[in-house]
Amino acid sequence: MRASTSNKLNREYSCDFNGNNSYSRRWCVQTGLLLLLLMAFAPWECSAIPERVDLIPNGDTFRCLSCHVVVGGALNPFGEAVKQLVDEGSTDPFWSAELAETDSDGDGLSNGEELQDPRGLWQPGQDAPGDGTRVTNPGIAEGKPVAGSGRYRFARYVEPLGISTFCLMVLTALAGFFMPKNRKLLFRWHKRLAVTTILFALSHVLCVILSH
């Protein structure tokens, strides 16, 4: 009886590629292909520099969309103005009275007025100035989008979901790599990690789509 149970577990959790367990083989291959597909089509923040979010007043409101038309995409007028002030890849402070007084998007409000720091006195590390509910996007004139409206509600989740998805993908790959050493335990965890990774990846893609 004990031998029969042991053989059953070995068949269930075996994941070799010699044809001993076609189910386990199909599961590993299909999961890997799906994760690669999600990774290939998920829009990552390839051109955005998340650290700059903390370098403008109330930057956490619109995050990357303060400077980009879409997450990781082309720069809006405010982003173009910032680009003229910083070196490529730099995370040095650039917020100033001059940038605050400029109306980058031409909507009649200066960048500082839109970000609740009209005089440009705020410095990185200080508390967010003004009324956070009155913050508008300094790079978009049409409709003067305000904090918490439309796509901006989802933009703040793109970065953490992307990082979480990548970490889960690494853990899933490691569980699959070491599976032959402990088939019973790691096969179960590999399946759980794979399902969790897929859910996070889909959530990441959905947030990117909704923030565009």
Notebook entry, point to check: Is there a residue being exposed (fewer than 14 other Cβ atoms within 10 Å of the Cβ), at pLDDT 80 or above and not aliphatic (A, V, I, L, M) anywhere in the stretch 171-181?
Noted result: no
Item checked: Leading residue by the ranking (nearest to the chain's Cα centre (by Cα)) among those in the stretch 116-162 that are modelled with pLDDT under 80 and of a type in the set (Val, Ile, Thr) -> Val158
Item checked: Selected residue (criterion: surrounded by the fewest Cβ atoms within 10 Å (Cβ to Cβ)) from residues of the stretch 80-105 that are over 14 Å from Glu51 (Cα atoms) and polar (S, T, N, Q) -> Gln84
Check: Among Thr165, Thr196, which is the only one that is of a type in the set (Val, Ile, Thr), touching a helix residue (DSSP H, G or I) at 6+ places or on another chain (Cβ under 8 Å) and buried (at least 16 other Cβ atoms within 10 Å of the Cβ)?
Finding: Thr165
Notebook entry, point to check: Quick one: which of Trp44, Trp95 is of a type in the set (A, V, I, L, M, F, W, C), modelled with pLDDT of 85 or more and assigned to a loop (DSSP other than H, G, I, E, B)?
Noted result: Trp95
Check: Is it the case that some residue within the stretch 80-87 is at pLDDT below 90, under 24 Å from the mean Cα position of the chain (by Cα) and part of a loop (DSSP other than H, G, I, E, B)?
Finding: yes
Next item on the list: Taking the options Asn58, Asn111, name whichever one is within 24 Å of the chain's Cα centre (by Cα), among the polar types (S, T, N, Q) and buried (at least 19 other Cβ atoms within 10 Å of the Cβ).
Entry: Asn58
Item checked: Conditions (1) under 21 Å from Ile140 (Cα atoms); (2) modelled with pLDDT under 90; number of the one not met by Asp103 -> (2)
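The values are calculated or read from the model by the stated rules, or taken from the named source; none is laboratory data. Fair warning: this is a prediction, and the values are worked out from it, not measured in the lab. FYI the Cβ positions are ideal-geometry reconstructions off the backbone, even for glycines, and counts take in every protein chain you see.
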